[in-house]
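Working notes for the structure below.
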Amino acid sequence: MRARLRDRIAASDPGLLRLTAGLRTVGAIALTVAVLSLLGADVHLLVAGAMAAMVATFAIREKQPAAQAVTLALGLPVALASVSLGAVLNARLVVGDVFFVVLIFCAVYGRRFGDRGTALGLIGFQVYFLSLFVGATVSRLPALCGAIALAFASSALLRFAIVPATPTGVLLRMRLAFRARLAQLVSAQLELLDAPADEMDKALEAVREGTARLHETAMMIQDRLEEGTPDESAARLVQRRIADAEIAAERLGLLLLSARSAERADTLTLHLPGAPAPSVAGPAVPDETGATLRRDLQALHALVLRTGTGDTGTGLAHVRNRLLGYRDEENLPPASAAAQDVFRGIGESARAVLGLRIALDGPQDESDDTPATARSREELDAEDAAIDGGEEPEQEEQTGLRRPTTRAAVQVAVGSSLAIVGGELLSTQRWYWAVLTCWIVFLNTASTGEILVKGYRRLLGTVFGVVAGIVLAGLVGNHTWTAFALVLVLIFAMFYTAPLSYTLMSFFVTAMLGLLYTLLHTYSLEVLVLRIEETAIGVVCGVVAAALVLPVQTDRRTNELLVTVLERLAEVTEAAVGQLSGGPADELLDKARDLDQALADLRGATQPLIHPVTPLRTRRHTARYVVALLETCAYHARTLAATAELLPTHPSIAADPRLRGAAGRTVRNIETIAARVADEHADVQAETGPSIASLLGSDAGTPRYGRITDRVLRHLERLDEAVVGLARPLGVPVAAPKG
C-alpha cells in the first residue's frame with residue numbers, strides 16, 4: 001500500500017517539484033511570521049514578512065544550490081533597495097509612478113540574463129509592490145527592512161537545510177516518476193485490451209493521456225540531466241534509455257490498438273485528442289491469446305514497478321526472461337499476425353525496461369539469465385559503449401527590439417503605464433492591482449493570443465476567488481492566527497496547482513488576499529469587487545499593449561514555431577536515414593530531443609487557437625489536427641533515430657544504401673511545407689508517388705538479415721504519409737511527380 005501511494009504521488013508530481021515549492025514557501029512564511037510574532041511585531045509587519053518570504057522562495061529558479069545561494073544573497077540588497085524606494089516615493093505620485101514603470105521595464109529586460117536576472121527582476125518588482133500593499137513609510141522603514149531580511153534568512157534555511165533539493169535528488173525522483181507513469185500507461189493499455197466495443201473510445205483516451213504524460217516526464221528528465229548526472233556520458237546513457245522506454249511503450253499501445261481493430265491502426269489516432277477509436281474487429285482478442293496477452297501485460301506492469309526497487313528475486317528474473325524471449329520468433333505464441341506483433345512489442349518493452357534498470361541502478365545479477373536475456377544484455381552493453389558526447393551548436397541571438405526580452409519589456413512598460421492611469425481612475429489606493437495583473441499576463445507569454453488567454457484565466461480565477469474570499473473572511477472574523485493558518489493553506493494550494501491550472505492559482509491568490517485584507521483590517525466587499533475591476537483593467541491594458549506595441553500576432557508566432565518544428569523534423573529524418581543508409585554517425589538523440597522541445601513550444605503557442613472560447617471552430621480543429629500530425633511525425637522520426645543508433649551493435653540491423661534515395665521525397669516534402677509556411681506566396685508543391693517499399697524493390701517488405709528490418713520500413717512509410725497529410729491543412733498543393 002505504501003509503495004502504491006508513493007508511486008501515485010511520484011506520477012502526479014514528477015520530481016516532487018510542486019510539493020517542494022509549496023512546502024518551502026509555506027515553511028518560510030510560517031517561520032518568518034513565528035519569529036516576528038515572538039518579537040512583538042504588528043500585523044502590518046507580519047504581512048510584509050510573509051509576502052517577502054513568499055517572493056524570496058518562489059523567485060529563485062536555478063537548479064544548482066550554489067547558484068541559488070548567490071542569487072538569494074544578491075536578492076536581499078535588491079529587495080531592501082526596492083522597499084526603501086517604495087517608502088520614499090509612496091507619497092510622490094508622479095515620481096513614484098514613473099519609477100514604478102522604469103522598474104517594471106528593467107525587471108522584464110533582466111530576463112535576458114537568464115534565471116538570475118529573472119529572479120532579481122522579480123524580487124525588485126514584487127517587493128516594491130509589497131511596499132505599496134502595506135503602505136510603507138520612511139518612519140517604518142527600519143522595521144520593514146528587518147522583516148524582509150528575516151524573510152530571506154527563513155527562505156534560505158528552508159531551501160538549504162529543511163527542504164533541500166539537489167539536482168541529483170530531483171533527477172532521481174523524476175526517474176521514479178517516469179517509472180510510475182510508464183506503469184500507469186501499461187495499465188491503460190491492459191484496459192484497452194479488455195475494453196468492450198462501446199468503451200473503446202474511453203480506453204483509448206486513457207492510453208492517449210498516459211502516452212502524453214510519459215512524454216512530458218521524459219522531457220522534464222532531459223532538462224535536468226546535465227545538472228543531475230556526474231558526467232556527460234552518464235547523462236547520454238540515461239537519455240538513451242529513457243528514449244528507448246518511451247518509444248517502446250508508445251509502439252506497444254499502437255500495436256494493441258491494431259490488434260483490437262479491424263485493420264492496422266493509424267499512429268495519428270494516438271495523438272489527436274478526441275479522435276474515435278478504429279472499428280473493432282470483435283468483442284475482444286480470442287480467449288486463449290487474450291489470456292496470454294493479459295498475463296504478459298500484467299507481468300510487464302510488475303516488471304516496470306519493481307525496476308529501481310532493488311528487487312532481484314528469481315520471480316522477477318523469470319518474468320523478465322519470459323518477456324524478453326518474445327524478441328525471438330520461435331518463442332512467439334501461435335496467434336494472428338497482429339497479436340504476434342503485440343507479443344514482439346512486449347518483448348521490446350521488456351528490453352527497454354532492462355536497459356533502464358541497468359542505466360539507473362548499474363550492473364545486475366546475471367545468474368538466472370536465459371540465452372535471450374543474455375543476448376539483450378550484450379546488445380545493451382554494446383550500445384552503452386558506443387555512446388559518446390557531442391557539442392551543442394551555438395544559437396544565433398537576436399538583437400535590439402527583435403530580442404524577445406527587449407520587446408516584452410517595452411510592451412509591459414507601456415501596458416503598466418496604461419494600467420496605472422486606469423487603476424488610479426478607479427482607486428487612488430488600490431491602483432497597483434491593475435499594474436500587477438498587467439505584469440503577470442506578460443510572464444511566460446510570447447504572443448497577443450497567449451496574453452489574451454492568460455488574462456481571461458486570471459480574471460476568471462479572480463472572480464471565483466473573490467467569492468471564496470468573502471466566505472472565508474466572514475468565517476474567520478477577527479481571529480488573526482486562524483486567518484494566518486488559512487493563508488498558509490491557500491499559499492500551498494497556489495504553488496501546488498500553479499503548473500496545472502493558471503485559473504486555479506488565481507483563485508487561491510485572490511482568496512488569500514481576502515484573508516490578508518481581513519488581517520490588515522481593510523476588508524470590505526467593495527475592496528474585493530474593486531479587485532475584480534482592477535484585474536479587468538490590467539488585463540485590458542496588457543492586451544492593448546501587446547496588440548499595438550511591437551505586436552507578435554498569434555498566427556505569426558505559431559508559424560515561426562511551426563517552421564522550426566519542420567526544420568528539426570527534416571534534420572532528424574535526414575540524419576537518421578543517412579545513418580541507416582551507411583552514412584557517418586550523428587547526434588541523433590540530441591536532434592530528436594530538439595524536435596520534441598520545438599514541438600512542445602508549438603503546442604503551448606497554439607493554446608489560444610484551440611481554447612474552448614475561441615469562436616473560430618475551423619481554425620481550432622485545424623490547429624489540433626496539425627499538432628497531432630506533427631506529433632505522429634515526431635514519433636516515427638524518434639523511432640528511426642533510435643533504430644539508426646543500433647546499427648553498430650545489432651547484427652539484425654544493417655545499412656541499406658537505397659534508403660537515402662527512397663526517403664529523399666519525404667525530406668523534400670518537409671522542406672517544401674516549411675518554405676510555404678514561412679512564405680505563403682512561395683510557389684512550391686509537395687509530391688507523392690510510389691510507396692517507399694516499392695522504391696526499395698520487390699523484397700523490401702520482408703525482414704532480412706544484413707539490410708533493413710520491416711519495422712524501419714513501416715516507420716518510413718508512415719512518416720511519408722503523415723508529411724503528405726500535413727500539406728492539405730497548411731495549404732500546400734500536392735502533385736504526383738511527372739513521368
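Could you calculate the contour length gain from Arg2 to Asp198, that is, 0.36 nm times the residue separation minus the distance between their Cα atoms, to one decimal place in nm? Can you show the working numbers first?
Working: separation 196, 0.36 × 196 = 70.56 nm, distance 3.50 nm.
Length difference between fully extended and current span is 67.1 nm.
Quick one: putting +1 on the C-beta of Lys and Arg, -1 on the C-beta of Asp and Glu, what dipole do you get for the chain around its Cα centre, in Debye to the nearest 20? Spell out each step's value before the answer.
Details: 70 positive and 78 negative charges, 422 e Å.
Here the chain has a charge dipole of around 2020 debye.
Compute and list, largest first, the equivalent-ellipsoid semi-axes of region 530-673 from the alpha carbon gyration tensor, each √(5λ) rounded to a whole angstrom.
Numbers: eigenvalues 342, 41, 33 Å².
Taking √(5λ) for each eigenvalue gives 41, 14, 13 Å, largest first.
When only the heavy atoms of the protein chains count and the probe is 1.4 Å, how do Asp586, Asp381 rank by accessible area, highest first? Before the final figure, lay out each step's value.
Values: Asp586 65, Asp381 85 Å².
The residues order as Asp381, Asp586, largest area first.
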Positive-end residue of Ile692, Ala642, Ala547, charge dipole of the chain with Cβ unit charges:
Ala547
Mind jotting down the distance between the C-alpha centroids of region 483-507 and region 101-138, whole Å?
22 Å
Inter-label distance for Ala69 and Gln429, nm, one decimal - labels placed 7 Å from Cα along Cα-to-Cβ:
4.5 nm
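FRET efficiency for Ala678 and Ser336, Cβ-Cβ distance as r, R0 = 60 Å, nearest 0.05?
0.85
Going by average Cβ neighbours within 10 Å, how do the peptides 342-353, 88-99 rank, with the highest at the top? Don't skip to the end; give the middle numbers.
Values: 342-353: 25.1, 88-99: 14.2.
Answer by packing, highest mean first, reads 342-353, 88-99.
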Rounded to the nearest 0.05, what FRET efficiency do Val35 and Glu226 have when you use their Cβ-Cβ distance and R0 = 41 Å?
0.65
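Among 247-260, 193-206, how do they line up from the highest to the lowest mean number of other beta-carbon atoms within 10 Å? Show your work: numbers first, answer last.
On the way: 247-260: 24.7, 193-206: 16.1.
Ranking the peptides 247-260, 193-206 by packing returns 247-260, 193-206.
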Per residue value of the accessible surface for region 460-578 (all protein chains in place, 1.4 Å probe), Å²:
41 Å²
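Which order, highest average first, do 76-82, 539-545, 524-530 follow once you tally other Cβ atoms within 10 Å for each residue and take the mean per peptide? Before the final figure, lay out each step's value.
Numbers: 76-82: 18.7, 539-545: 23.7, 524-530: 14.6.
Ranking the peptides 76-82, 539-545, 524-530 by packing returns 539-545, 76-82, 524-530.
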Can you pull the one-decimal nm distance between simple spin-label points at Leu157 and Val529, each 7 Å off the Cα toward Cβ?
4.4 nm
Added length on full extension, which subtracts the Cα-Cα distance from 0.36 nm per residue, Ala585 to Gln553
7.5 nm
With the full set of protein chains in place, find how many percent of the accessible area of region 512-653 is carbon and sulfur; take the probe as 1.4 Å.
58 percent
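Of the heavy-atom accessible surface of region 224-273 (probe 1.4 angstrom), what whole percent is carbon and sulfur?
48 percent
How much length, in nm to one decimal, is gained on full extension between Val734 and Asn444, taken as 0.36 nm per residue of separation minus their Cα-Cα distance? Before the final figure, lay out each step's value.
On the way: separation 290, 0.36 × 290 = 104.40 nm, distance 3.74 nm.
The span from Val734 to Asn444 would gain 100.7 nm if fully extended.
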Could you compute how much accessible surface Ser155 exposes when probed at 1.4 Å, giving the result in Å² to the nearest 10?
0 Å²
Starting from the residue with the highest accessible area, list Tyr326, Tyr523 in decreasing order, probe 1.4 Å.
Tyr523, Tyr326
What FRET efficiency comes out for Glu263 versus Thr168 if R0 is 41 angstrom and r is the Cβ-Cβ distance? Round to the nearest 0.05.
0.30
When the helix-only estimate is applied to the chain (DSSP H runs of n ≥ 4, each -39,500 (n - 2.57), divided by the residue count), what is the mean residue ellipticity at 222 nm, nearest 500 deg cm²/dmol?
-24500 deg cm²/dmol
Between 0 and 90 degrees, rounded to the nearest ten: what's the tilt of helix 141-157 against the longest Cα principal axis of the chain?
20 degrees
For His681, His479, give me the order by solvent-accessible area with a 1.4 Å probe, most accessible first, ignoring ligands, DNA and RNA.
His681, His479
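The values are calculated or read from the model by the stated rules, or taken from the named source; none is laboratory data. Everything numeric here is computed off the predicted structure, so don't read it as measured data. Glycine also receives a Cβ, built like all others from the backbone with ideal geometry; neighbour counts cover every protein chain displayed. The protein model used for the area step is the full one, side chains on, heavy atoms only, and it has no ligands, DNA or RNA in it. Shrake-Rupley method; radii C 1.70, N 1.55, O 1.52, S 1.80 Å.
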